[in-house]
Amino acid sequence: MGAEASSAAAGILCAQMDLPHPGAFFELCQASRQLYPSWVQQLERQSGVETHFKKTGILYLAMNLQEEQKMSRRIQWQKRRQLRVERCSALAVHRQEPAVDGKIRCGFFFPEEAQVDNVQLMRALKSVCQKSGVAIQENNQVLRILLRKSMVRGIRTEKGIFEAPVVVNCLGSWANMDGHFPIRLPVEPARGQMLAFYSSKRIFHSAIMSEQGYLVQRDDGRVIASSTIERAGFAKALTLGGIHSILLGVRRISSFLDPCFLSDMWAGFRPLTKDGLPILGPTPIDGLFVATGHFRHGILLAPITAAVLTQWILQSKPPFDLSPFLPTRFGTYS
């Protein structure tokens with residue numbers, strides 16, 4: 001459970017920093033960020049698993065004038081929304097995060113942003129599901145959606161048929177089911193390569209992000225680093241070019257990782273849609289729902305996705321307009 005994108009992510013909960021425009025997607029991210037503290041508190045209490053959720057903020061580093069101007073435009077409309085963000089001089093950045101010793105122009109600090117250990121979060125979710133009586137079928141591929149006229153009646157898997165009046169497709173990059181899903185879902189994998197370093201000391205206090213890559217340190221000392229977004233199909237592999245790109249980005253941000261040893265590396269797929277927005281909600285087939293295409297915001301959007309899908313399934317109206325995310329925006333039947 002949660003062994004693909006959910007476990008491969010860095011766990012940075014970014015609801016402001018990388019959102020360039022106001023609109024429906026921004027509102028979705030804001031709503032999910034508001035749910036997060038109580039959601040993880042409930043998960044931790046019921047599972048006994050610590051998720052290491054912390055509101056540590058995100059420090060964005062502008063390396064040149066173009067990046068500074070881009071972020072300055074972004075924070076103008078965010079400040080009009082009374083969202084917290086602080087512009088920092090290069091000297092202030094170095095004071096706040098001494099390990100950021102690369103050459104930068106300025107920084108922008110988003111104090112309300114947070115992080116979570118996404119692997120621990122998946123463990124907590126699995127534990128709560130099992131304690132709640134949810135039957136989890138792992139290592140069992142879904143082959144077909146079973147339909148009767150315009151209604152869903154279950155799924156066919158490698159291990160047999162499961163009948164159900166409601167089916168939710170949350171298969172991430174595999175949501176199209178090799179063209180076998182009855183609704184057109186233009187979702188493709190965007191590969192991300194990740195490196196983890198180990199430090200016995202606290203190096204970074206906030207998540208550090210730039211156009212060259214990002215760094216986030218876990219409580220156990222691991223520093224997760226990445227920079228790659230690659231359209232490479234379903235080739236889940238590390239490449240020399242990808243690793244080189246990550247290391248260049250890391251070195252431009254900080255030299256403090258030089259003595260740290262490389263403790264792990266992996267690759268994963270972010271589900272990317274044609275328009276870059278998630279696919280959420282009911283399909284024209286009664287009982288068939290979709291929740292995929294979250295790209296870089298899947299961990300952040302987990303609680304709001306669960307909330308709005310539950311509302312739709314129970315036939316109550318979600319609290320805000322979600323029409324930009326409906327599966328039918330790409331056409332109806334595949």
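Out of all the residues in segment 137-157, is one or more of a type in the set (S, T, N, Q), surrounded by 15 or more Cβ atoms within 10 Å (Cβ to Cβ), outside any loop (DSSP other than H, G, I, E, B) and at negative phi?
No: zero hits.
The set of residues in segment 74-89 being buried (at least 16 other Cβ atoms within 10 Å of the Cβ) and over 26 Å from the mean Cα position of the chain (by Cα) consists of CYS88 alone. Within segment 233-262, residues that are farther than 22 Å from ASP220 by Cβ and without any contact (Cβ under 8 Å) to a residue 60 or more places away in the chain have Cβ atoms under 7 Å from residues that are of a type in the set (Ser, Thr, Tyr) and surrounded by 11 or more Cβ atoms within 10 Å (Cβ to Cβ) in these pairs: GLY242/THR228; SER245/SER227; SER245/THR228; GLY249/SER227, counting only partners at least 6 apart in sequence or on another chain.
Set side by side, the residues GLU138, GLU97 differ, and just one is in contact with a Ser or Thr (Cβ under 7 Å, 6 or more places away or on another chain) and either farther than 27 Å from ALA31 by Cβ or among the polar types (S, T, N, Q) (or both), which is GLU97. Being part of a helix (DSSP H, G or I) and touching a residue at least 60 places away in the same chain (Cβ under 8 Å), is that true of even one residue in segment 104-119? Yes, segment 104-119 contains at least one residue that is part of a helix (DSSP H, G or I) and touching a residue at least 60 places away in the same chain (Cβ under 8 Å).
Restricting ARG202, ARG218 to residues that are charged (D, E, K, R) and surrounded by 17 or more Cβ atoms within 10 Å (Cβ to Cβ) narrows the list to ARG218.
Residue check: LYS317 meets all listed conditions (1) more than 22 Å from LEU13 (Cα to Cα); (2) basic (Lys, Arg); (3) part of a strand (DSSP E or B) but one, namely (3).
This table checks each residue for (1) in a loop (DSSP other than H, G, I, E, B); (2) without any contact (Cβ under 8 Å) to a residue 40 or more places away in the chain; (3) under 14 Å from the mean Cα position of the chain (by Cα).
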site: SER6; (1), (2), (3): no, no, yes
site: ALA10; (1), (2), (3): yes, no, yes
site: GLN16; (1), (2), (3): yes, no, yes
site: PRO22; (1), (2), (3): yes, no, no
site: CYS29; (1), (2), (3): no, no, yes
site: SER32; (1), (2), (3): no, no, yes
site: SER38; (1), (2), (3): no, yes, no
site: GLN46; (1), (2), (3): no, no, no
site: GLU50; (1), (2), (3): yes, no, no
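Checking segment 325-334 against the condition returns a match, with at least one residue being closer than 24 Å to TYR36 by Cβ, modelled with pLDDT of 95 or more and in contact with a helix residue (DSSP H, G or I) (Cβ under 9 Å, 6 or more places away or on another chain). Being of a type in the set (A, V, I, L, M), surrounded by 15 or more Cβ atoms within 10 Å (Cβ to Cβ), at pLDDT 95 or above and not in a strand (DSSP E or B) narrows it down to one residue among ILE224, ILE246, ILE208; which is it? ILE246 is the lone residue from the list that is of a type in the set (A, V, I, L, M), surrounded by 15 or more Cβ atoms within 10 Å (Cβ to Cβ), at pLDDT 95 or above and not in a strand (DSSP E or B). Counting the residues of segment 120-136 that are in a helix (DSSP H, G or I) and touching a residue at least 60 places away in the same chain (Cβ under 8 Å) gives 11. The number of residues in segment 176-205 being over 30 Å from ASP286 (Cβ atoms) and either assigned to a loop (DSSP other than H, G, I, E, B) or of a type in the set (Ser, Thr, Tyr) (or both) comes to 8.
Within segment 67-78, does at least one residue satisfy the condition of being basic (Lys, Arg) and in contact with a strand residue (DSSP E or B) (Cβ under 9 Å, 6 or more places away or on another chain)? The answer is yes, given that some residue of segment 67-78 is basic (Lys, Arg) and in contact with a strand residue (DSSP E or B) (Cβ under 9 Å, 6 or more places away or on another chain). One residue alone among VAL93, VAL128 is aliphatic (A, V, I, L, M), under 20 Å from TYR214 (Cα atoms) and either modelled with pLDDT of 95 or more or touching a Lys or Arg at 6+ places or on another chain (Cβ under 9 Å) (or both), and that residue is VAL93. Of everything listed in (1) of a type outside the set (Lys, Arg); (2) more than 18 Å from GLY331 (Cα to Cα); (3) assigned to a strand (DSSP E or B), the single unmet condition for LEU272 is (2).
The values are calculated or read from the model by the stated rules, or taken from the named source; none is laboratory data. Everything numeric here is computed off the predicted structure, so don't read it as measured data. Note: ideal-geometry Cβ built from the backbone for every residue, glycine included; neighbour counts use all protein chains shown.
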